[in-house]
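Quick notes on the structure that follows.
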Amino acid sequence: MKPLEGILVLDFSQYLAGPSAALRLADLGARVIKIERPSSGDGSRSMTLKNLIADKDSVLFQTINRNKESFCADLKNKSNFAAVKKLIEKADVMIENFRPGVMKKIGLDYDAVTKINPRIVYGTVTGYGTVGPWTKKPGQDLLLQSLSGIAWLNGNDGEPPAPFALSIADSYTGVHLAEGIMACLFRRFRTDKGGLVEVSLLESILDMQFEVLTTYLNDGHKQPQRSKYNNAHAYLSAPYGIYETRDNYIALAMGSVTDLGRYLHIDELARYTDQNEWFTKREEIKQLIGAKLKSETTGHWLDILEANGYWCSDVYSWNRLIESDGFQALDFLQNVKRPHTSQDLWTSRCPITVNGDSMKSSKWAPALGEDTEKISREFGLISEKGDAL
């Protein structure tokens, strides 16, 4: 039995942050029903990565919305709205990520929903919170990365800010939303009261930087200085970074510069006995290391450094990673192709293991409205003749 079996989640959200939280709940055993607009549904159904489409929906949509059901409802239609309210009566969790004020206008904000179901846990995602001058700004991942300072930390000093090449704000916010929802569910088991869980993309991406932001706040508000050569962390000393070798790259984490000099036979590093210089003179130290590492292959250096317990790693492409024994041992991929199709659709599983069991589920992402009739009959939203109640 999975931890959240018996929990019913209504997912009104779209794109990534809200749906990724609902996906995590689904993988942990909850039943998740997406409430979607007829004809168009979740906006990510048509938003593609590299134009990849499978069974008329984007692969992006199917990645984030596997293991769910789809119920179509026009919330401006009285009978559809009444049907949704009946679902809310039975639900444990409701998730939405519209702009502030939209759900209140519809009549499904937290205050309205708690009158329908006082025990519900209501999760809401915004871009920038519900107060302040930024509430109406578009909550898009690249914009949040740029605004939050995280893009400015990436790339070498003297080069433009570099965003992460993935939707980190959305993904991290989804994790926070799932955490908050599960905490409120736990409280409800003790108090029989639901709750409102609010997260924002901005707060989540700021929290992601808590380590370096705290350093800045307690360092006289001095801006961190990115390394000019192989920058990897603005606050960490040499040798921290990724270096080119004769045939590929190698990553070096925290470690002694003088020890590294002995292992790699870089005699010049012996003079850096003052550990403070590993930071203040990191540019010249990293240049010395980088010049030496180009002379031999990654495998050659890994053999030396790993034998001495020095923290290092090969740098894999996805091709090499997926073919590696370490990745294969995780059993991390699953096929979630839809029924009656020959097109395989591979994606990752939930990363959580409970009592030795991985939270795998091969349940596909639903086609738009795939489960509307089934859900309507199950919850008494239509008569046996198919008429709206």
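The values are calculated or read from the model by the stated rules, or taken from the named source; none is laboratory data. Bear in mind that the values here come from a model prediction, so they are computed numbers and not experimental data. Cβ coordinates were reconstructed from backbone atoms using ideal geometry, including for glycine residues, and neighbour counts include every protein chain displayed.
Output the residues belonging to region 239-257 that are surrounded by 17 or more Cβ atoms within 10 Å (Cβ to Cβ) and either β-branched (Val, Ile, Thr) or over 18 Å from Tyr316 (Cα atoms) (or both).
Answer for region 239-257, where residues must be surrounded by 17 or more Cβ atoms within 10 Å (Cβ to Cβ) and either β-branched (Val, Ile, Thr) or over 18 Å from Tyr316 (Cα atoms) (or both): Pro239, Thr245, Ile250, Gly255, Val257.
Would you be able to say whether some residue in region 269-286 is without any contact (Cβ under 8 Å) to a residue 24 or more places away in the chain, within 21 Å of Leu302 (Cα to Cα) and of a type in the set (Asp, Glu)?
No: region 269-286 contains no residue that is without any contact (Cβ under 8 Å) to a residue 24 or more places away in the chain, within 21 Å of Leu302 (Cα to Cα) and of a type in the set (Asp, Glu).
Testing Lys228 on (1) surrounded by fewer than 16 Cβ atoms within 10 Å (Cβ to Cβ); (2) closer than 18 Å to Lys294 by Cβ; (3) modelled with pLDDT of 95 or more; (4) out of contact with any Lys or Arg (no Cβ under 6 Å at 6 or more places or on another chain), one condition comes back false. Which one is that?
That leaves (3) as the condition not met.
Run Asp314 past the list (1) over 30 Å from Leu87 (Cα atoms); (2) among the acidic types (Asp, Glu); (3) touching a residue at least 60 places away in the same chain (Cβ under 8 Å); (4) in contact with a Phe, Trp or Tyr (Cβ under 7 Å, 6 or more places away or on another chain) and report the number of the one that doesn't hold.
Unmet for Asp314, out of (1) over 30 Å from Leu87 (Cα atoms); (2) among the acidic types (Asp, Glu); (3) touching a residue at least 60 places away in the same chain (Cβ under 8 Å); (4) in contact with a Phe, Trp or Tyr (Cβ under 7 Å, 6 or more places away or on another chain): (4).
Do you know which residues across region 267-286 are more than 29 Å from Ser317 (Cα to Cα) and among the β-branched types (Val, Ile, Thr)?
The answer is Thr273, Thr280.
Among (1) exposed (fewer than 15 other Cβ atoms within 10 Å of the Cβ); (2) part of a helix (DSSP H, G or I); (3) among the β-branched types (Val, Ile, Thr), which single condition is Thr63 missing?
(1)
Which of the numbered conditions does Gly195 fail, given that it passes all the others? Conditions: (1) crowded, with 16+ Cβ neighbours inside 10 Å; (2) outside the structural domain of Leu142 (by TED's automatic domain parsing).
(2)
Have a look at Leu236, Leu260, Leu302 and point out the one that is aliphatic (A, V, I, L, M), more than 35 Å from the chain's Cα centre (by Cα) and either crowded, with 16+ Cβ neighbours inside 10 Å or assigned to a loop (DSSP other than H, G, I, E, B) (or both). Full working, then the answer.
Details: Leu236 fails: more than 35 Å from the chain's Cα centre (by Cα); Leu302 fails: more than 35 Å from the chain's Cα centre (by Cα).
None of the others qualify; the one that does is Leu260.
Which condition from (1) part of a helix (DSSP H, G or I); (2) loosely packed, with under 15 Cβ neighbours inside 10 Å; (3) without any contact (Cβ under 8 Å) to a residue 24 or more places away in the chain is the one that Ala151 breaks?
Exception for Ala151: condition (2).
If only one of Lys85, Lys34 is touching a residue at least 24 places away in the same chain (Cβ under 8 Å), outside any strand (DSSP E or B) and among the charged types (D, E, K, R), which one is it?
Step by step, each of Lys85, Lys34 is checked, and only Lys85 is touching a residue at least 24 places away in the same chain (Cβ under 8 Å), outside any strand (DSSP E or B) and among the charged types (D, E, K, R).
Could we say that Lys137 is surrounded by fewer than 17 Cβ atoms within 10 Å (Cβ to Cβ), under 23 Å from the mean Cα position of the chain (by Cα) and in the same structural domain as Thr372 (by TED's automatic domain parsing) here?
Answer is yes for this residue.
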